[in-house]
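J.: Below you will find the structure I want to go over with you.
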Amino acid sequence: MQFVYCEQAGEATLNIDNELFKYLFKVRRHQLQDIIEVRNLKDDTFYSYEVQNITKKEATLLLQKSEEKPVNANMKLRLGWCVVDTKTIEKQLPYLNELGVYSIAFIYADYSQKNFKLNLDKYEKILINSSQQCGRSSLMQFEVFKSLDEYLKSYPEAYMFNFSQQHVQEVSNIDTIVVGCEGGFSKREIALFNEKKIVGIDSNLVLRSETAVTTLAAKLIV
């Protein structure tokens, strides 16, 4: 683990209890005067706290120093992901977070099942756990759109990932791209994009939606 997440990081004193207390002092077995690195995932700052007091159920940490230390991808990839099964999203989020995807816009496309309900609070907890492991210093951003049409009003520069002779690697400066759900895009949705804005990869295989988002993130960011 690269750091510990605490929403109050930056305050002079932190009072640690509940699950975080159990993790730090029962699992990690921190002792008095140990230094613990903490982030709030809002300001890119590394906060170093010293353990000052430990009781049976809580502990007190005092801020010793702070250092601005951003750890993020070199580019800001904005991913539009047409809604798939929420369990699939939950499994894939840690990989996308570690690769450095800046934001995900969840889109209820023509072929998305509208009964899939997005749990953004749960997704944020997944991102926090992932960031503590990989060291990322800021949280991925989430948006939700009712349709691809609505999404394109906010992101008119977006590319579509679909079958195309124009490959992702051949187009420079792609920072916003949409991936379809299971079943892909409808003809109506494909018609929303200029042909030059539709890109693919050099493969004849049909990728699952979750494979496609991870493949794109790796090709465009890493």
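J.: Using helices alone, I'd like the mean residue ellipticity at 222 nm for the chain: each DSSP H run of four-plus residues gives -39500 (n - 2.57), total over residue count, nearest 500.
T.: Helix-only estimate at 222 nm: -7500 deg cm²/dmol.
J.: When DSSP assigns beta bridges and you keep just the ones with both residues in the stretch 4-68, what percent turn out antiparallel, to the nearest 5?
T.: Rounded to the nearest five, the antiparallel share is 85 percent.
J.: Is the shape of the stretch 34-97 best called rounded, prolate or oblate, per the rule: a/c under 1.5 gives rounded, else a/b larger than b/c gives prolate, else oblate, with a ≥ b ≥ c the square roots of the Cα gyration tensor eigenvalues?
T.: It is oblate, given that a/c is not under 1.5 and a/b is not larger than b/c.
J.: Apply 1/(1 + (r/R0)^6) to the Cβ-Cβ distance of SER186 and MET75, taking R0 = 22 Å, and write down the FRET efficiency to the nearest 0.05.
T.: Efficiency at R0 = 22 Å is approximately 0.15.
J.: Further question: How much length would be gained if the chain were fully extended between GLU19 and GLU58, taking 0.36 nm per residue of separation minus their Cα-Cα distance, in nm to one decimal?
T.: 13.0 nm
J.: Check the cysteines of the chain one by one and keep only those with no other cysteine Cβ under 4.7 Å from their own.
T.: CYS6, CYS134
J.: Further question on the same structure: Going by C-beta contacts inside 10 Å, put LEU192, LEU216, LEU99 in order with the fewest on the left.
T.: Lowest count first: LEU192, LEU99, LEU216.
J.: Let me ask you something else. Does the stretch 4-68 classify as rounded, prolate or oblate by the C-alpha gyration tensor (a ≥ b ≥ c root eigenvalues; a/c under 1.5 gives rounded; else a/b over b/c gives prolate, otherwise oblate)?
T.: Prolate.
J.: Given 0.36 nm per residue, what is the gain on full extension from VAL27 to ASN115 after removing their alpha carbon distance, in nm?
T.: 27.7 nm
J.: Separate question: Whole angstrom only: what separates the Cα centroid of the stretch 12-83 from the Cα centroid of the stretch 184-222?
T.: Each part reduced to its Cα centre gives a spacing of 37 Å.
J.: What list do you get for THR176, THR13, THR215 if you sort them by fewest beta carbons within 10 Å?
T.: Least to most surrounded, the residues fall as THR13, THR215, THR176.
J.: Right, something else. May I ask for the Rg/Rh ratio of the chain, computed from Cα atoms with Rh as the Kirkwood radius, given to two decimals?
T.: 1.08
Values in this text are rule-based calculations from the coordinates and carry no lab data. Worth saying up front: this structure is predicted, and the values here are computed from it rather than measured. Virtual Cβ from ideal backbone geometry, glycine too; neighbours counted across all protein chains shown.
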